[in-house]
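The values are calculated or read from the model by the stated rules, or taken from the named source; none is laboratory data. Quick caveat, the model's predicted, so the values are computed rather than measured. Please note: Cβ atoms are built from the backbone with ideal geometry, for glycine as well, and neighbour counts cover all protein chains shown.
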Amino acid sequence: MSSQAIQGAPPLPERRRNRSWSKFKRNRSAMLGAAIVLFIIIIAVFAPLLTSFDPAQVSFTAVRKAPSATHWLGTDELGRDIFSRLLYGARASLLAGMCSVLIALAAGVPLGLLAGYFGGLIDGCISRLTEALLSIPFLILAIALAAFLGPSLTNAMIAIGISAAPLFIRLARGQVLAIKNEDYVQSTRSLGASNTRIIVRHILPNVMPALIVQATIMIASAIIAEASLSFLGLGLQPPNPSWGSMLNTAKNFMTQAPWMSVFPGTAIFLAVFGFNLLGDGLRDALDPRQDD
């Protein structure tokens, strides 16, 4: 091969990114998931521009009105526009999902890296703590922590993040155990590199693809958890709109005003469906063992 051809070839990491992006684009399910997620993000960001109704505005002359030209998705028990509450509620759900996962990553990944790399007593202590937390169902633990911290969106995000952290501890630990004995890691260690440099520069970048996939899928679970906490009154407090709190109110009017439950329920379904499809697509695209 000529030196010119070698010089013209993109670096290996860039080729990997190009190959992963090409595989992702060919995956129709992944592209559908990305489109759904992008759509939800857009309506959440531009909610003030998409509706002229205040989501907290009460109108006793429009109580439980069916969908119409004025109120596209109808109104709730206080005459508030459901379409506007749905748009603004997307902000709470996305914020809860993403911030909860960031909290879980910040708490879980460093512990997983330490446990997998150093082993011994550190691994034993962290693994026993992780197993204890994993023995409690995710949603039950989130509800218990949210009830202890108090009802608010911030506390709900903290509770969900702490409940999800053990999953990232276990994932990061397993990835490190598979990587730390690779030749390139051993070579770096023999050259005198510090443990911190080895973990940050050589192990963490190779762990990130699995963490990204798990984080994307975990956002869907966090959205469901936030909706569940709001449904129980432990999440975002009224009159601020949340898909879960909208369902909590709608359960009392299932026969008189079914639209009050149909639309927030559909929104939760679409958000979870989109993030799951996106996560599956990222897993297939970032897994080097998957053939083109």
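Observations on the structure shown:
- Residue check for Ala144: over 28 Å from Ala285 (Cβ atoms), small (Gly, Ala, Ser) and either part of a helix (DSSP H, G or I) or touching a strand residue (DSSP E or B) at 6+ places or on another chain (Cβ under 8 Å) (or both): yes
- Among the residues making up the stretch 86-106, those that are under 13 Å from Met218 (Cβ atoms) and either touching a residue at least 60 places away in the same chain (Cβ under 8 Å) or among the polar types (S, T, N, Q) (or both) are Ala96, Gly97, Met98, Cys99, Ser100, Val101, Ile103, Ala104, Leu105.
- Some residue of the stretch 127-144 being among the acidic types (Asp, Glu), over 24 Å from the mean Cα position of the chain (by Cα) and at negative phi: no
- On inspection, Ile103 fails the criterion of being closer than 30 Å to Phe253 by Cβ, among the aliphatic types (A, V, I, L, M), surrounded by 13 or more Cβ atoms within 10 Å (Cβ to Cβ) and modelled with pLDDT of 95 or more.
- Residues in the stretch 159-215 that are in a loop (DSSP other than H, G, I, E, B), free of Cβ contacts under 8 Å to residues at least 24 places away in the same chain and not hydroxyl-bearing (Ser, Thr, Tyr): 5 in all.
- Condition met for Arg64 (among the charged types (D, E, K, R) and at pLDDT 90 or above): yes
- Condition check for Ile122: in contact with a helix residue (DSSP H, G or I) (Cβ under 7 Å, 6 or more places away or on another chain) and surrounded by fewer than 16 Cβ atoms within 10 Å (Cβ to Cβ): yes
- Leu234 meets all of the listed conditions (1) outside any helix (DSSP H, G or I); (2) modelled with pLDDT under 90 but one, namely (2).
- Residue in the stretch 40-61 that is modelled with the highest pLDDT, counting only those that are of a type in the set (A, V, I, L, M, F, W, C), surrounded by fewer than 18 Cβ atoms within 10 Å (Cβ to Cβ) and in contact with a Gly (Cβ under 8 Å, 6 or more places away or on another chain): Val58
- Residue in the stretch 70-85 that is surrounded by the fewest Cβ atoms within 10 Å (Cβ to Cβ), counting only those that are assigned to a loop (DSSP other than H, G, I, E, B) and in contact (Cβ under 8 Å) with a residue 24 or more places away in the chain: Glu77
- When Ile223, Ile219 are screened for being of a type in the set (Val, Ile, Thr), over 20 Å from Ser20 (Cβ atoms) and buried (at least 19 other Cβ atoms within 10 Å of the Cβ), only Ile223 passes.
- Which listed residue, of Met254, Met208, Met246, is of a type in the set (A, V, I, L, M) and under 18 Å from the mean Cα position of the chain (by Cα): Met208
- Residue in the stretch 253-276 that is in a loop (DSSP other than H, G, I, E, B), touching a residue at least 24 places away in the same chain (Cβ under 8 Å) and buried (at least 17 other Cβ atoms within 10 Å of the Cβ) present: yes
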